[in-house]
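Okay, structure first, notes after.
FYI, it's all coordinate maths here, none of it is from the lab. Because the structure is a prediction, the values reported are computed rather than measured. All Cβ positions, glycine included, derive from the backbone under ideal geometry; neighbour counts span all protein chains shown.
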Amino acid sequence: MPAPRLRSRSFRRVYVKTPGGKTVIHYGRRKPKIAHCSKCRTILKGVPRERPYKMQNMPKSSKRPERPYGGKLCSSCLRKLLIEKARSQ
């Protein structure tokens, strides 16, 4: 039986085979959901799916794409937005 703190299903269970031939369970927190575009809800490319403590140690350029609305809008929605803004001026 695992320790009481590890009995929750919020922990991910990974079965690992040790060099001695025994199978043990490693417990770890689950990863968050993948980032989505705020307009069309498609999956954003270039945004890692990591826990906040790992995202803190990443450089800003690897957390999200280096473009306007990077990490918020997908490239196709951004293109439509920029065309719309250019038309309205």
Nearest 10, in degrees from 0 to 90: the angle of helix 75-88 to the longest Cα principal axis of the chain is 20
With the label point 7 Å along the Cα-to-beta-carbon line of Leu6 and a cut-off under 18 Å to each amide N, the hits in the stretch 20-35 are 20-31
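Given Cβ point charges of +1 (Lys, Arg) and -1 (Asp, Glu) and nothing else, what value in debye, to the nearest 20, does the dipole of the stretch 34-89 about its Cα centre take?
Roughly 60 debye for the stretch 34-89.
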Nearest-0.05 FRET efficiency for Val24 and Arg51 at R0 = 35 Å, using Cβ-Cβ distance, is 0.95
For Lys85, counting only lysines whose alpha-carbon sits under 20 Å away and dropping same-chain residues fewer than eight positions off, the answer is Lys39, Lys72
In the chain, taking the dipole from +1 charges on Lys and Arg beta carbons and -1 charges on Asp and Glu beta carbons about the Cα centre, the listed residue (Ser88, Thr42, Thr18) farthest towards the positive end is Thr18
At R0 = 41 Å the Cβ-Cβ FRET efficiency linking Arg87 and Met58, nearest 0.05, sits at 0.65
Mean 1/r over distinct Cα pairs of the chain, inverted to a Kirkwood Rh in Å, yields 16.5
Sorted by chain and number, the residues with a modelled amide H under 5 Å from that of Gly70, at a separation of 5 or more or across chains, are none
